[in-house]
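The values are calculated or read from the model by the stated rules, or taken from the named source; none is laboratory data. What you see is a predicted model; the values in this text were computed from it and never measured. Ideal geometry is used to build each Cβ from the backbone, glycine not excepted, and the neighbour counts take in all protein chains shown.
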Amino acid sequence: MRDGPIKILVPTGSLGAGAVEAEVAYGIAQGARAIATDAGSTDSGAAYLALGVSKNNRGSVKRDLTILMKASAQAGIPLIIGTSGQAGGDRNVDWTRDIVLEVARELRISPKIALLYSEQDKADLKARNAAGKIRPLPPLGPLDDATIDACEHIVAAMGPEPYMAALQGGADIILGGRTTDTAVIACFALLHGAPSGPSWHAAKIAECGAQATVVRNKGAGVLISIGDDGFEVEPLSLDNWCDPESVSAHMLYENSDPFRLTEPGGVLDVSRSVYAQADKRSVKVTGSVWEPKPYTLKLEGAAASRFQTIMLIGIQDPDVLANIDTFHDNLLEALNQRVHATIGPAAGDFHISLRLYGWNAVSGDKPPEGTPPPREVGVLFVATADTQEMASQIAKACNPYFFHYPLFMDRELPSYGFAFTPADIDRGPVFEFKLNHVVEVDDPLELVRTVWIDLRNEEAA
Amino acid sequence: MTTVKDVCRHVRSKNAGPFWVTVDLFFDGEDNYARYHDSAALGPDLFARLYGADPALVKRFAVPSLHVVKISYPRATSQGGMVERDMHAGQQYVRLLDVELDAEAVS
């Protein structure tokens, strides 16, 4: 490349996780030409897309934005943020935009801001589906209109092209909606002529910040340097380092395939990549290949479906604990009968589950015969019904049984430990991802809307 | 009999998107990796039995440079559904630790 390797500063694995000012200063001193990070993922569940809210508290996001916007303005390099507000829906982007505007005022800076929205219109998606442009990824099947309608919000995970267009348009700050983690980081290098294989691979290695380093809790970010023959990665924290294992092992992380990563417009193939120690703190990676493919965007859709009410008790009664599986089965049956007896058919297709924390709550499997009894269990009651009101009524119907159900019917009624009154908590809807589909497009920007806010103009006005 | 936890220095599980779980088994060295990475006991049936996964969709990768076997399986119920117990799937690996491995590999 004409100007030598392109260096990108990835300050943290996710905006709000805790960027470190000294690390950012180090990366810029090393010649970083852009700061890039994602701000979310699907990992924490569908609630954040369905509700359009962030998982992070506002303060932690504002803190990171303050560090990054200040550094970006002082160095005159762009700040690129993807999957804004955890889920990257339009509301999540707007939440982040408002914080950015507040920080800009506080720092007295006037950046040109590009907002990239990738939330999708349901009617448009139905038309594309009818035209055969949407196909499922395993384990889901073909998409139907009812599934599209069931979603509260649907986003398309953008590739790098909308970001490249925004950079060409002079953006100082880009706030993207849902985007692949890698595209956010790869876009700057791709725009400036870096080879595709190393650009995408470097972005994948850097997407979780210090996760690809040896001492993962030492520092927050990494610096990637992409050249004609490969890329190098080093931690931003001077007392940390990368080695070939820490870097190559990151291809395993949250990926179903460690060698091939599907992205909009192609597949990154690292099966022949070579990872070598470049110096004490850096690893050099060569041999990464980008295979262009027809352009597709992955869709994510979050639905709010049925409603839940929960209750929690603690049990230390040694007789119950010595017979905990029997107790669980008897109590569950009694609770179901209680609902049938007191609410009847109006309860609808309700569901109750009891999760025994301290015994088998995480798996739900029965522990093997002979497993010693626990000293205490927490029992989480979860009622699911078609409405919040019904889930709540079911919990209330179950309340006396749940808190006082005896192991042996001829004994005095026990009282299990509960900590709150009222004891039942309306938890809200069950939020689920409904889509695992890709949509084919002719133009990478066709599902994306770009909105500009130029604070320089607003100042002049 | 040798179990997963006898020959792995680290085992982990995590979501790979909302519909898949991926498990990484880091063997404790070249010898045990060579002996057990192809073990039939870690086949698709195990993931059907333990996790209710469709065995036809279970994917398995050997990563010799890291002494890692990576296995990815579709979730029986999607992330965050009515009966969710492990949103990140971060605890799912534990049930693999006591799986008995056969050195006579069938690949």
Original post:
Can you tell me which residues in segment A:387-411 are in a helix (DSSP H, G or I) and more than 36 Å from the chain's Cα centre (by Cα)?
Top reply: A:ALA397, A:PRO400, A:TYR401, A:PHE403, A:HIS404
Original post:
If you scan segment B:40-69, which residues turn out to be in contact (Cβ under 8 Å) with a residue 12 or more places away in the chain, within 11 Å of chain A (Cβ to nearest Cβ) and either among the hydroxyl-bearing types (Ser, Thr, Tyr) or under 20 Å from A:LEU137 (Cα atoms) (or both)?
Top reply: B:TYR51, B:GLY52, B:ALA53, B:ASP54, B:ALA56, B:LEU57, B:VAL58, B:LYS59, B:ARG60
**OP:** Taking the options B:ARG60, B:ARG35, B:ARG9, name whichever one is over 30 Å from A:GLY301 (Cα atoms), in contact with a Ser or Thr (Cβ under 9 Å, 6 or more places away or on another chain) and surrounded by fewer than 22 Cβ atoms within 10 Å (Cβ to Cβ).
**Re:** B:ARG35
Original post:
Any residue in segment A:189-207 that is more than 14 Å from chain B (Cβ to nearest Cβ), surrounded by 24 or more Cβ atoms within 10 Å (Cβ to Cβ) and among the polar types (S, T, N, Q)?
Top reply: yes
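Among the residues of segment A:382-403 satisfying the criterion of being touching a Ser or Thr at 6+ places or on another chain (Cβ under 6 Å) and not hydroxyl-bearing (Ser, Thr, Tyr), which is nearest to the other protein chains (Cβ to nearest Cβ)?
A:VAL382
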Subject >> segment B:70-107, subset more than 10 Å from every other protein chain (Cβ to nearest Cβ) and not in a loop (DSSP other than H, G, I, E, B), residue nearest to B:ARG35 (Cα to Cα) >> reply: B:GLU100
Subject >> Evaluation of B:ALA89 against (1) hydrophobic (A, V, I, L, M, F, W, C); (2) touching a Ser or Thr at 6+ places or on another chain (Cβ under 6 Å); (3) closer than 16 Å to B:VAL21 by Cβ; (4) surrounded by fewer than 16 Cβ atoms within 10 Å (Cβ to Cβ) (one fails), failing number >> reply: (4)
**OP:** Note down all Cβ pairs under 7 Å where the first residue falls in segment A:368-396 and is without any contact (Cβ under 8 Å) to a residue 40 or more places away in the chain, the second is assigned to a loop (DSSP other than H, G, I, E, B) and buried (at least 21 other Cβ atoms within 10 Å of the Cβ), and they're at least six residues apart or on different chains.
**Re:** A:LYS396/A:ASP424
Subject >> Complete set of residues in segment A:84-130 that are free of Cβ contacts under 8 Å to residues at least 60 places away in the same chain and assigned to a loop (DSSP other than H, G, I, E, B) >> reply: A:ARG108, A:ASP121
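For every residue, the table says whether it meets (1) crowded, with 19+ Cβ neighbours inside 10 Å; (2) more than 24 Å from A:VAL430 (Cβ to Cβ); (3) within 25 Å of the chain's Cα centre (by Cα).
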{"position": "A:THR286", "(1), (2), (3)": "no, yes, no"}
{"position": "A:LYS293", "(1), (2), (3)": "no, yes, no"}
{"position": "A:SER305", "(1), (2), (3)": "no, no, yes"}
{"position": "A:MET311", "(1), (2), (3)": "yes, no, no"}
{"position": "A:ILE324", "(1), (2), (3)": "yes, yes, no"}
{"position": "A:LEU331", "(1), (2), (3)": "yes, no, no"}
{"position": "A:PRO345", "(1), (2), (3)": "no, no, no"}
Original post:
Pick from A:VAL214, A:VAL155, A:VAL184: which is modelled with pLDDT of 95 or more and in contact with a Cys (Cβ under 9 Å, 6 or more places away or on another chain)?
Top reply: A:VAL214
**OP:** Return the pairs, sorted by first residue and then second, in which the second residue is aromatic (Phe, Trp, Tyr) and surrounded by 16 or more Cβ atoms within 10 Å (Cβ to Cβ), the first residue lies in segment A:398-414 and is in the same structural domain as A:LEU332 (by TED's automatic domain parsing), the beta carbons are less than 6 Å apart, and the residues are 6+ apart or on different chains.
**Re:** A:PHE402/A:PHE381; A:PHE403/A:TYR416; A:LEU407/A:PHE327
Original post:
Which of the residues spanning segment A:259-310 are outside any strand (DSSP E or B) and among the charged types (D, E, K, R)?
Top reply: A:ARG272, A:ASP279, A:LYS280, A:ARG281, A:LYS293
**OP:** Give segment B:1-39 a look and list any residue that's in contact with a Phe, Trp or Tyr (Cβ under 7 Å, 6 or more places away or on another chain), within 14 Å of chain A (Cβ to nearest Cβ) and part of a helix (DSSP H, G or I), or say none.
**Re:** B:TYR33
Subject >> A:VAL267 of a type in the set (A, V, I, L, M, F, W, C), touching a residue at least 12 places away in the same chain (Cβ under 8 Å), away from chain B (no Cβ under 14 Å) and surrounded by fewer than 20 Cβ atoms within 10 Å (Cβ to Cβ) >> reply: yes
Original post:
Within segment A:372-386, which residues are out of contact with any helix residue (DSSP H, G or I) (no Cβ under 7 Å at 6 or more places or on another chain), under 24 Å from A:ALA334 (Cβ atoms) and either part of a loop (DSSP other than H, G, I, E, B) or not assigned by TED's automatic domain parsing to the domain that holds A:PHE418 (or both)?
Top reply: A:GLU376, A:ASP386
